[in-house]
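Colleague: If you scroll down you'll find the structure; I have some questions about it.
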Amino acid sequence: MSPANRATSRPAKARQEQKEPTGSRSGAGQPLEQWECDVLVAGAGSAGLSAAHAFAAQGRKVVVVGKVETNLAGRTVALFEGSLRFYRALGLWPRLAGHAAPMEGIRMIDDTGSIFPTGPKEFRSREIDLDAFGENIENNALVAELAQAAREDPSITLIEDLIDEFELNLSGARARLASGGRIETKFIVAGEGRNSQARQIAGITVTTWSYPQIALTALLAHDKPHHQISTEWHKRSGPFTFVPLRGREGEPCRSSLVWLVSPRDARRLQALPPEELAAEIEDESHGLLGAIRLDGPLGAFPMGAMKTSRVTGMRMALIGESAHLFPPIGAQGLNLTLRDIANLVDCLDGVDLDEPEEISRALERYERQRARDIGLRVRGIDILNRSLLIHALPVDFARAFALNFFSAIGPLRRALMREGVTPHGPTPKLMRARPPARRPSATRS
Ligand SMILES: Cc1cc2nc3c(=O)[nH]c(=O)nc-3n(C[C@H](O)[C@H](O)[C@H](O)COP(=O)(O)OP(=O)(O)OC[C@H]3O[C@@H](n4cnc5c(N)ncnc54)[C@H](O)[C@@H]3O)c2cc1C
């Protein structure tokens with residue numbers, strides 16, 4: 001019998017009871033909480049919580065540790081078709097859909113002032129037989145819903161704490177919590193973000209670099225409808241992007257903004273009163289969406305990138321920003337992360353986590369499968385970003401030529417769109433099924 005079968009066949013009541021830690025006494029007589037699980041997920045961000053659900057669905061007993069943070073200012077994630085299939089397959093999409101808005105088109109506008117103009121390019125999802133390229137959702141709503149679903153799932157124990165110490169060895173893995181509790185596990189999924197401690201313990205080295213850019217983020221309300229189209233202006237400081245957002249009562253037209261600017265401009269813009277900042281955003285967008293109002297606080301995120309020497313250690317695998325980092329161009333970060341998770345789930349399918357050799361073979365597969373996808377995104381986004389930052393005629397020419405070429409030739413254009421939403425290569429099981437989305441009545445603009 002596979003581990004999946006063993007765990008799912010437990011009666012519901014017995015599974016519920018596993019949420020409680022087993023108590024013992026510390027030297028000082030204080031109760032010392034202890035948990036045992038198949039898979040320990042470190043980090044309760046969008047990556048960690050998504051991984052917890054995916055492994056619970058595989059029938060593993062999961063503990064996920066991390067503070068549930070729902071205070072990221074102005075941040076949204078555009079989730080493409082593959083990612084929507086992932087959440088649909090896990091039964092999570094119905095609770096996320098109420099926060100999301102579809103993206104049926106992507107418009108790119110060269111606003112660099114280059115002498116090699118490209119003219120606006122518009123890509124429509126129906127060209128590749130999709131109703132939408134994907135859906136845009138507020139980060140805070142995504143994390144809050146995933147955390148709530150984890151609390152309701154008897155196979156997942158969510159511990160809102162930090163991990164202080166990891167121990168990885170052939171016979172098993174252990175973690176100690178900041179509050180003193182202990183977790184015994186068979187496998188660790190490291191989703192604690194860019195400063196992953198599990199990655200350091202496993203001796204995985206990283207190469208990091210930074211860009212002279214800050215991403216300013218904001219939720220906006222506006223007068224004119226976005227028509228479900230995301231618009232990306234390519235400027236000398238980086239992209240300035242509007243992505244459709246779900247309307248709310250009183251503000252039926254909303255979009256999110258990601259604006260890459262120099263650190264100096266970021267300081268200036270952050271110091272502006274909201275009305276003046278909104279007016280600058282309106283000017284930068286050439287009035288496309290009419291009058292703009294800020295619909296929440298402004299966020300500011302320094303831009304950097306990172307690649308790792310490996311994505312696996314003993315009884316451990318990296319996912320999400322523990323494994324890769326790059327600027328938010330083409331909305332790839334969490335989409336790539338969900339492919340990490342879906343691939344890892346496939347690699348560990350049917351693997352007996354008590355058998356170190358079986359785990360090693362599964363991790364070799366994961367290492368092979370992720371190298372290309374991650375490498376392509378980190379390098380591709382680096383080239384795209386630098387092509388905007390470097391003011392040189394040959395670079396401007398190459399960028400304009402590439403965009404004109406790819407958008408003019410039908411099969412190439414469609415291949416490019418498909419690569420963005422469902423990258424080629426073997427599709428992991430969680431991203432294969434495509435049942436129709438269950439969408440509650442939406443406020444669309
Ligand atoms: C401006 C911007 C726009 C973006 N837009 C998109 C988009 O449109 N589409 C897209 O796909 N991606 C997008 N991304 C990328 C996406 O937001 C990130 O990839 C994603 O949020 C990263 O999630 P994560 O869980 O890997 O990391 P994090 O969100 O950093 O989560 C890691 C968590 O681990 C916790 N942690 C750290 N140490 C420990 C410890 N010792 N113990 C326990 N927990 C710990 C942290 O507190 C944190 O909560 C964007 C990124 C930016 C900056």
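Colleague: From the phi angles alone, apply the Karplus equation (6.51, -1.76, 1.60; θ = phi - 60°) to the stretch 121-135 and give each ³J(HN,Hα) in whole Hz, x where the residue is Gly or Pro.
Modeller: My calculation for the stretch 121-135 gives 10, 10, 10, 10, 5, 5, 4, 10, 6, 10, 5, 8, 5, x, 9 Hz in order.
Colleague: Please report the antiparallel percentage of DSSP beta bridges with both residues in the chain, rounded to the nearest 5.
Modeller: Details: 63 of 88 bridges.
Restricted to the chain, the bridges split so that about 70 percent are antiparallel.
Colleague: Please list, ordered by chain and number, the residues whose modelled amide H lies under 5 Å from the amide H of Gly304; skip anything fewer than 5 residues away on the same chain.
Modeller: Sorted by chain and number, the residues that satisfy this are Tyr211.
Colleague: Identify which of Ser114, Ser46, Ser255 has the largest mean-square fluctuation in a Gaussian network model of the chain, with springs joining Cα atoms closer than 10 Å.
Modeller: Of the options given, Ser114 has the highest mean-square fluctuation.
Colleague: On to the next question. List the pair-distance distribution P(r) of the chain, using every Cα-Cα distance, as the percent of pairs falling in each 10 Å bin from 0 up to the bin containing the longest distance, rounded to whole percents.
Modeller: With 10 Å bins starting at 0, P(r) equals 4, 20, 30, 25, 14, 5, 1, 0.
Colleague: Here's something else I'd like to know. Can you work out the FRET efficiency for the pair Asp131 and Leu416, with r the C-beta to C-beta distance and R0 = 30 Å, to the nearest 0.05? All intermediate terms of the calculation are to be shown ahead of the outcome.
Modeller: Details: r = 19 Å, r/R0 = 0.63.
Computed FRET efficiency for Asp131 and Leu416: 0.95.
Colleague: Please list, in order along the stretch 34-40, the HN-Hα scalar couplings obtained from phi with the Karplus expression 6.51 cos²θ - 1.76 cosθ + 1.60 (θ = phi - 60°), rounded to whole Hz, x for Gly and Pro.
Modeller: 9, 10, 10, 7, 7, 10, 9
Colleague: State, to one decimal in nm, how far the label point of Arg151 lies from the label point of Arg248, with both points 7 Å from Cα in the Cβ direction.
Modeller: With each label placed 7 Å out from Cα toward Cβ, I get 2.0 nm.
Colleague: Just to be sure I understand the model, the point goes 7 Å from the Cα along the line to the Cβ. What's the resulting Arg182 to Arg432 distance in nm?
Modeller: That separation, rounded to one decimal, is 4.2 nm.
Colleague: Residues with amide H under 5 Å of Leu79's amide H, sequence separation 5 or more or different chain, H placed in the peptide plane at 1.01 Å from N; which?
Modeller: Glu135, Asn136, Ile137
Colleague: Moving on. Enumerate the calculated ³J(HN,Hα) couplings along the stretch 232-249 in order (Karplus 6.51 cos²θ - 1.76 cosθ + 1.60, θ = phi - 60°), each rounded to whole Hz, writing x wherever the residue is Gly or Pro.
Modeller: 10, 8, 8, 10, 5, 8, x, x, 10, 10, 9, 10, x, 10, 5, x, 9, 4
Colleague: Here is a further query. What whole-number distance in Å separates the alpha-carbon centres of the stretch 286-323 and the stretch 155-202?
Modeller: Measuring centre to centre over Cα atoms gives 23 Å.
Colleague: Regarding the stretch 234-304, what is the average projected area of its C-alpha convex hull, in nm²? Show your work: numbers first, answer last.
Modeller: Details: hull surface 20.8 nm².
Taking a quarter of the hull surface, the average projection is 5.2 nm².
Colleague: Please compare each pair in Lys67/Lys235; Lys67/Lys224; Lys67/Lys307; Lys186/Lys429; Lys235/Lys429; Lys121/Lys429 to a cut-off of 27 Å on the Cα-Cα distance and tell me which ones are over it.
Modeller: Working: Lys67/Lys235 36 Å; Lys67/Lys224 38 Å; Lys67/Lys307 25 Å; Lys186/Lys429 23 Å; Lys235/Lys429 39 Å; Lys121/Lys429 33 Å.
Table pairs above 27 Å Cα-Cα are Lys67/Lys235; Lys67/Lys224; Lys235/Lys429; Lys121/Lys429.
Colleague: Please give the helix 139-152 orientation as an angle from the longest Cα principal axis of the chain, in degrees from 0 to 90, rounded to the nearest 10.
Modeller: On a 0 to 90 degree scale, this one is about 20.
Colleague: How much length would be gained if the chain were fully extended between Arg386 and Met314, taking 0.36 nm per residue of separation minus their Cα-Cα distance, in nm to one decimal?
Modeller: Details: separation 72, 0.36 × 72 = 25.92 nm, distance 3.60 nm.
Using 0.36 nm per residue and subtracting the Cα-Cα distance, I get 22.3 nm.
Colleague: Right, here's the next one. For every helix of n ≥ 4 consecutive DSSP H residues, a contribution of -39,500 (n - 2.57) applies; sum these over the chain, divide by its total residues, and give [θ] at 222 nm rounded to the nearest 500 deg cm²/dmol.
Modeller: Numbers: 13 runs with 153 residues, N = 445.
Helix contribution divided over all residues of the chain: -10500 deg cm²/dmol.
Colleague: Over the chain, what relative contact order in percent results from Cα pairs under 8 Å that are six or more residues apart?
Modeller: Values: 927 pairs, mean separation 93.9, N = 445.
Once divided by the residue count of the chain, the mean separation gives 21 percent.
Colleague: Is the shape of the stretch 55-95 rounded, prolate or oblate, going by the alpha carbon gyration tensor and its root eigenvalues a ≥ b ≥ c, with a/c under 1.5 for rounded and a/b larger than b/c for prolate?
Modeller: Values: a/c = 2.77, a/b = 1.15, b/c = 2.41.
It is oblate, given that a/c is not under 1.5 and a/b is not larger than b/c.
Colleague: Choose one answer from Ala57, Ala97, Ala271: the residue with the largest mean-square fluctuation in a GNM of the chain with alpha-carbon springs under 10 Å.
Modeller: Ala271
Colleague: Roughly how far apart, in whole Å, are the Cα centres of the stretch 368-390 and the stretch 125-142?
Modeller: 22 Å
Colleague: Further question on the same structure: If the chain between Gln200 and Glu160 were fully stretched, how many nm would it gain, using 0.36 nm times the residue separation less the Cα-Cα distance?
Modeller: Values: separation 40, 0.36 × 40 = 14.40 nm, distance 2.21 nm.
Gain on extension, Gln200 to Glu160, equals 12.2 nm.
None of the figures in this text is laboratory data; all of them are computed from the coordinates on show. This one's a predicted model, so the numbers in the text were calculated from it and none came from an experiment. All Cβ positions, glycine included, derive from the backbone under ideal geometry; neighbour counts span all protein chains shown.
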